[in-house]
1. Go through segment 297-317 and give me each residue that's out of contact with any Pro (no Cβ under 9 Å at 6 or more places or on another chain), surrounded by fewer than 19 Cβ atoms within 10 Å (Cβ to Cβ) and either modelled with pLDDT under 95 or not aliphatic (A, V, I, L, M) (or both).
2. Inspect segment 77-89 for any residue being in contact with a strand residue (DSSP E or B) (Cβ under 7 Å, 6 or more places away or on another chain) and either more than 17 Å from Gln284 (Cα to Cα) or surrounded by fewer than 17 Cβ atoms within 10 Å (Cβ to Cβ) (or both) and give the result as yes or no.
3. Filtering segment 110-128 down to residues that are touching a residue at least 40 places away in the same chain (Cβ under 8 Å) and aliphatic (A, V, I, L, M), which residue is farthest from Ala397 (Cα to Cα)?
4. In this structure, is Gly148 outside any helix (DSSP H, G or I) and modelled with pLDDT of 60 or more?
5. Looking at Ser47, Ser64, Ser97, can you tell me which residue is in contact with a Lys or Arg (Cβ under 7 Å, 6 or more places away or on another chain), among the small types (Gly, Ala, Ser), touching a residue at least 40 places away in the same chain (Cβ under 8 Å) and closer than 30 Å to Glu209 by Cβ?
6. Looking at Ala351, Ala360, which one is in contact (Cβ under 8 Å) with a residue 40 or more places away in the chain, part of a helix (DSSP H, G or I) and surrounded by fewer than 21 Cβ atoms within 10 Å (Cβ to Cβ)?
7. Thr104 is checked against (1) among the polar types (S, T, N, Q); (2) farther than 30 Å from Ala290 by Cα; (3) in contact (Cβ under 8 Å) with a residue 24 or more places away in the chain and fails just one. What number does that condition carry?
8. Which of the residues spanning segment 299-327 are more than 20 Å from Leu70 (Cβ to Cβ) and not basic (Lys, Arg)?
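The values are calculated or read from the model by the stated rules, or taken from the named source; none is laboratory data. Everything numeric here is computed off the predicted structure, so don't read it as measured data. Cβ atoms come from the backbone with ideal geometry, glycine included; neighbour counts cover every protein chain shown.
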Amino acid sequence: MTITNSNDVYYDPYDVETGADPFPVFRRLRNETPLYHNERYDFYALSRHEDVERALARNDIYISGRGVVLEQIRANMPIPPGTVIFEDPPTHGIHRSLLARLFTPRKIAALEPQIRDFTVRTLDPLVGAGGFDFIRDLALQLPMRVIGMLLGIPEQDQASVRDSYLGGQIGRPQEFEEGLLDGAMFADYIDWRAAHPSDDLMTELMTAEFTDEHGVSRRLTRDEVLAYVNILAAAGNETTGRLIGWTGKTLADHPDQRRELAQDPSLIPNAIEEILRFDPPALQTCRYVATDVEVHGQTVPAGSVMMLILASANRDPRRYPDPDPETFDIHRSIGQHLTFALGAHYCLGAALARLEGRVALDEVLRRFPDWEVDEANAHLVSTSTFRGWSRLPVRTA
């Protein structure tokens, strides 16, 4: 059956005005067109929590091996070996298991003192200044320093890596997508670390032994290590950076809840979960449809692109009936939101992002229990995938 949209609801993921506030469109998609087809850009979309959750779990039908970004899949661009987020079984499971060794709960929990030290050193110079920028002064500093520390990049070099990687700015998806497929900037570090092994992720990647999809016991090639390092740097910086930005904006918009967090820091972990649900760093992820599949009584043909709108699923009242999921509530019983995806491609760095977000908010509130956004100078960036702040200056008491 040919898929038709029986109403005038329209979602353009490239439209700047829609990207500034996509949630009214998402609401209409959920209610009026749960299986949506955009003829202009030739993609299908799922927007309800149950549908998105089910699709994320079916990596035999909705595959990642062609990429996870709309334009990337449409371009049919080659994917370098070892780019684990763009792989399918069995290769994906083998490569993912290598990264999973590096992100065990014990290893992540052990990072908190160093992350807190980085955060304190970042925020202390800002006290008494009358304000700061959540992006320039925090979101661009903390995540790359943490990832740099994990990878074994010397601290004095971490700022230059950050600046060359993202142009010194959160919210530039072109650099993110191009950088994700090009590990060249880390090549010198990898070569140096090969001759000077240490207790860091880069060394672990170079020395880990595994059995590949051909049954061969081996270590990662240099190119594979480059791909892994680049993924860790990109994902670690982008997701956590945007989370920190949305923490600043969302809590500025809800000052009563922010003050409650300042008075009772034990509420911070759940507040971070609610921020992740309410304004996720990635609006959506895409999959290549490997075989014909029936959805809502209609056939999506093999070869299509299926967009899974995570941000819409997170606000679906079918999943979050009370309180209204369009409202922000730090006391909400959240359960499983879809910000970090689900299943085989669940974000390996989720625990690290949560830890950084929690520590950052805790230390900000200790110094700045009140702030308001300088709206005239704030800048929101929205793309076909990401949504976040490139500038978020705030005034503090």
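1. Taking segment 297-317 and keeping what is out of contact with any Pro (no Cβ under 9 Å at 6 or more places or on another chain), we get 297-306, 308, 313.
Okay, now just the ones that are also surrounded by fewer than 19 Cβ atoms within 10 Å (Cβ to Cβ), so 297-299, 301-303.
Residues satisfying the conditions are Gly297, Gln298, Thr299, Pro301, Gly303.
2. The answer is yes, given that some residue of segment 77-89 is in contact with a strand residue (DSSP E or B) (Cβ under 7 Å, 6 or more places away or on another chain) and either more than 17 Å from Gln284 (Cα to Cα) or surrounded by fewer than 17 Cβ atoms within 10 Å (Cβ to Cβ) (or both).
3. Across segment 110-128, the extreme among qualifying residues is Leu111.
4. So Gly148 does not fit the description; no.
5. On inspection, the qualifying residue turns out to be Ser64.
6. Among Ala351, Ala360, only Ala351 is in contact (Cβ under 8 Å) with a residue 40 or more places away in the chain, part of a helix (DSSP H, G or I) and surrounded by fewer than 21 Cβ atoms within 10 Å (Cβ to Cβ).
7. (3)
8. Once the filter is applied, which keeps residues that are more than 20 Å from Leu70 (Cβ to Cβ) and not basic (Lys, Arg), segment 299-327 yields Thr299, Asp316, Pro317, Tyr320, Pro321, Asp322, Pro323, Asp324, Pro325, Glu326, Thr327.
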